[in-house]
Amino acid sequence: MGAEFVQLSLTPLLIGVLAAIACALPGNFLILRRQALIGDAISHVVLPGIVVAFLITGVVSTWPMLLGAAGAAIVAVIIIEAIKRIGRIEPGAAMGVTFTSLFAGGVLLLEQSDTSAVHLDVEHALYGNLESLIWLSAEGWSSLTDAAALADLPPELFRMAAAAGLIALLTLIFWRPLKLSTFDEGFASAVGIPTAAVSLGLVVVAAVAAVAAFDAVGSIIVIAMFICPPAAARLMTNRLEAQIAWSVAFATLSAVLGYVLAGYGPLWLGADNAVSAAGMIATVSGIILAFACLFAPHRARIGAPRGA
Amino acid sequence: MAIAAEPIDIAARRDPSASVVNLRDSPLAVHELTVSYGEKPAVFSVDTMVPPQSMTAIIGPNGAGKSTLLKAALGIVPRLSGRVTVFGQPVEKAMHRIAYVPQRASVDWDFPTRVIDVVLMGLYRELGLVRLVRRNHRERALSCLERVGMADFADRQIGQLSGGQQQRVFLARALAQNADLYLLDEPFAGVDAATEKAIIDVLKSLKAEQRTVVCVHHDLATVADYFDHVLLINVRKIAEGPVATVFTGENLQKTYGGRLATTHIDQLKLPVG
C-alpha cells in the first residue's frame, strides 16, 4: 500500500477507528447499567442541538456544537419528564417518542436553513463524511514526518483523537468508581463515591463522544458503536477489564473492515460504486454482534439458573 | 396481648436501665428521621439509639420502611428531615467506620467480575482511584473470604454462585472494610441453612470483637436466638429495647397489625418466653 492509501484512506480509517473506540468505551458501562437507550437518545438529540448552534453562531465548530448538544439534551430530559407525568406513559416509550421527534425536528430545521456553505446537511447527519476526510497533501508514508504535510491533516482527526484520548483517560482514572457504582450503587455511595456525579459524568462523556464522532462519521456509527462492540464483548468474557479490551478490538475491527468493505466490496462483486463507509461500519459491527451471539464462549450464561 | 404482659414486667424489674444509651457512645443514633418517596412517608419521625456492641434487629412487615431506614441513615436515599449520628459524630463524618451490606437482590449478579474483585471493593477507601492492588490487599480479601467459607470460590465469576454464596461474598466484602458498625439489609433472606449458620457465626464473632451489628431481619422465629436488641417499626417506631422486654406478642401485634396470625404469635411464645 503506497501513496494513494496514505492520501485517501489513512485518515478516514484512523478517524473511523477513533470514533468507534470513543463511543464503545462509555457504551460498556451504559449497557451494564441497562441504559443503552441513553446512548441512542443522545446521538439522536445531538442533531437539533447542533443545527440550532449553527443557526445561532453561523459556524460549524466544536464548542458551540457541544453546548448546543448539551442544551438539546436538557430540553429532551424536560420533555421526557413532562410526557411521563402528563401522559402517564412508561419511561421507555416517553424516551423513544422524544428523541425521534427531536431528531426529526432537527432534520426539518436543517432542510429549511441555508447550510450550503458548510458541511451540514441531512445526509451528513446520518452518514457523516468519512470518505471525504482525505489527506490531500500527503505523498506517501514519508509525509508522516513532513511538518508541512502534517499541518494539512483534516482537523476532524485531531478532534476525534482528542475526544478518544480524553475518554480513555477518564475511563482509566475513574475506573474503580465507575465499576463499583455500576455494580452496586448503594454500596458505592456508602463508601463515599458520589454516585449521582458518576452517572452524570458517564452521560456527559457519552455526549462528548457522540458530538465529536457526529461531525466526522454521522449518527449511524455513533448509535451502533455505543451498543454493538460492548454487547459482543460481554459475550466473550466474564471480566469487565477484558470486556473493555474486547470492545475496543471489536470497534477497531468494525471500523477497518467496514471501511475496506465499503470501498472495495462492491468492486469485488462487480459493481462500480463504493457504498457508504459509515453504513458499512455499522453493519459490520452488527454482524460481529450476531456472530458473538452464536459462537462466543460466555453466551450460555443467559437464562442460566440464578439465585437460590 | 395478655400473653406477653408478664415477661415485660419481670424483665423490666430485672434490668431497668437496659435500653438507656448515651448518645456519645451509640454506634447509630437516629433522631426524628422522616423519608418519603412520594406523597406518603416511608419512614415517619423515627427515633432510635442502638446500644454499643449490640446485635440489633430491625423488625417490621413488608413496606414498613426497614431498608429505607438504613439507606436514609447512610444518606443513600435523601432524608426529608432528621439527624443521624454515628459514635456521636454526624454520619457524613463517620462513614469510614460503617460497613453496609445491601440486599443481595439489589445488584445484577450477571455483572462481569470475580468473587475476589467484589471483596476488594471493600478496600475502596484504602485504594482510592489509582492505588494498585498489592499482594497484602489480595491476602486480606482472601482471609475475609476464608472467614465466610468462600476462599475456594475467589476466582469464580459471581454469576456462578448460589444465593447463599452471593450473600457470603457480600458479607466478606463488608469484613474487608474492617468497620466498627455493620449494617446489613436482610442478610438471611433466601439463603440455605448452612449459609445462615455461617453468617450468624461471623456476626457473633464481630460482636465478640466489640463491634456493633444491625440487621434488617424478617424471620421472627430466630430473633431471640440471634439478637439482643430489637427495633420494631411500621413506618413509625412501635418499640425498641432489649429482646427480652420488647420482643413481645403485644408489640408484634402492634407492629404487624392484622397481618400476623394468632397462630404465629402462639409459635413465638416459646422463644419469647
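What follows draws every value from the coordinates through simple rules; no lab data is involved. Treat the numbers as computed from the prediction; the structure is a model and nothing was measured. Glycine also receives a Cβ, built like all others from the backbone with ideal geometry; neighbour counts cover every protein chain displayed.
With a sphere of radius 10 Å drawn around the Cβ of B:ASP185, what net charge do the other residues whose Cβ falls strictly inside it have (Lys, Arg +1; Asp, Glu -1)? Provide the component values of the computation, followed by the final result.
Details: positive: B:LYS66, B:LYS71, B:ARG104; negative: B:GLU186.
Charge balance in the 10 Å sphere: +2.
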Open item on the list: How large is the translational diffusion coefficient of the range A:2-216 in µm² per second when you combine the Kirkwood radius over alpha carbon pairs with Stokes-Einstein at 25 °C and 0.890 mPa s?
Closed with: 131
Open item on the list: Once the cut-off is 14 Å, how many percent of the Cα-Cα pairs in the range A:232-300 end up in the long-distance tail?
Closed with: 61
Open item on the list: In whole Hz and in residue order, list the ³J(HN,Hα) couplings for the range B:111-119 that follow from phi through the Karplus curve 6.51 cos²θ - 1.76 cosθ + 1.60, θ = phi - 60°; x for Gly and Pro.
Closed with: 4, x, 7, 9, 4, 4, 5, 5, 5
TODO: Provide the per-residue ³J(HN,Hα) series for the range A:41-54, in order, calculated from phi with Karplus coefficients 6.51, -1.76, 1.60 and θ = phi - 60°, each as a whole number of Hz, with x at glycine and proline positions.
DONE: 4, 4, 5, 6, 5, 4, 4, x, x, 5, 5, 4, 4, 5
- [ ] Given the options B:ASP155, B:ASP228, B:ASP117, state which has the largest fluctuation in a GNM of chain B using a 10 Å cut-off (strictly under) for Cα springs.
- [x] B:ASP155
Open item on the list: Suppose only helical runs count, i.e. DSSP H with n ≥ 4. What mean residue ellipticity at 222 nm does that imply for chain A under -39500 (n - 2.57) per run, divided by all residues and rounded to the nearest 500 deg cm²/dmol?
Closed with: -25000 deg cm²/dmol
Task: Relative contact order (%) - the range A:1-89, alpha-carbon pairs under 8 angstrom, separation at least six - done: 20
Task: Rg/Rg_globular for the protein assembly as shown, with Rg_globular taken as 2.2 N^0.38 Å and Rg from C-alpha atoms - done: 1.18
Task: For chain B, calculated [θ]222 nm from helices alone, where every DSSP H run of n ≥ 4 adds -39500 (n - 2.57) - done: -10500 deg cm²/dmol
Open item on the list: Quick check on my link table: of A:LYS179/B:LYS71; A:LYS179/B:LYS204; A:LYS84/B:LYS93; B:LYS93/B:LYS207; B:LYS40/B:LYS254; A:LYS179/B:LYS207, which ones sit more than 27 Å apart, alpha carbon to alpha carbon?
Closed with: A:LYS179/B:LYS204; A:LYS84/B:LYS93; A:LYS179/B:LYS207
Task: Cβ-defined net charge surrounding B:SER45, 13 Å radius [Lys, Arg +1; Asp, Glu -1] - done: +2
Open item on the list: Taking every pair of distinct Cα atoms and averaging 1/r, then inverting, what Kirkwood hydrodynamic radius in Å comes out for the range B:113-175?
Closed with: 11.5
- [ ] Search the structure for amide H atoms under 5 Å from the amide H of B:VAL230, placed 1.01 Å from N in the peptide plane, and list their residues when 5 or more places away or on another chain.
- [x] B:ALA57, B:GLY241, B:VAL243
- [ ] State, in angstrom, two size descriptors of chain B derived from its alpha carbons: Rg to one decimal place and Dmax to the nearest whole number.
- [x] 19.0, 62
Open item on the list: For B:LYS237, what residues show an amide H to amide H distance below 5 Å, using hydrogens built from the backbone and excluding near sequence neighbours?
Closed with: B:ASP47
TODO: Output the relative contact order of the range A:2-216, whole-number percent, from Cα pairs under 8 angstrom with separation of 6+ residues.
DONE: 37
Task: Positive-end extreme of charge dipole, the protein assembly as shown - chosen from A:LEU126, A:ILE288, B:ILE59 (charges on Cβ) - done: B:ILE59
Task: Karplus-derived HN-Hα couplings along the range B:201-209 (A = 6.51, B = -1.76, C = 1.60, θ = phi - 60°), whole Hz, x at Gly and Pro - done: 4, 5, 5, 5, 5, 5, 4, 4, 8
Task: For chain B, built as a Gaussian network whose Cα springs stay under 10 Å, the top-fluctuating residue of B:ILE158, B:ILE76, B:ILE233 - done: B:ILE76
Open item on the list: Contact order normalised by length for the range A:67-172, with contacts defined as Cα pairs under 8 Å and 6 or more residues apart; what percent is it?
Closed with: 13
TODO: Would you mind ranking B:SER26, A:SER199, A:SER254 so that the residue whose beta carbon has the fewest other beta carbons within 10 Å leads the list?
DONE: A:SER199, B:SER26, A:SER254
TODO: Give me the net charge of A:VAL107's neighbourhood, meaning all other residues with Cβ under 13 Å from the Cβ of A:VAL107; Lys, Arg count +1, Asp, Glu -1.
DONE: -3
Open item on the list: Skipping prolines and chain starts, which residues have an amide H placed within reach, meaning under 5 Å, of the one on A:ALA274, given they are 5 or more residues away or on another chain?
Closed with: none
Open item on the list: Of the candidates A:ALA251, A:ALA242, A:ALA22, which one comes out as most mobile in a Gaussian network treatment of chain A with C-alpha springs shorter than 10 Å?
Closed with: A:ALA242
Task: Convex hull of Cα atoms in the range B:191-237, direction-averaged projection (nm²) - done: 3.9
Open item on the list: If you average the C-alpha positions of the range B:71-145 and of the range A:132-163 separately, how far apart do those two centres end up, in angstrom?
Closed with: 48
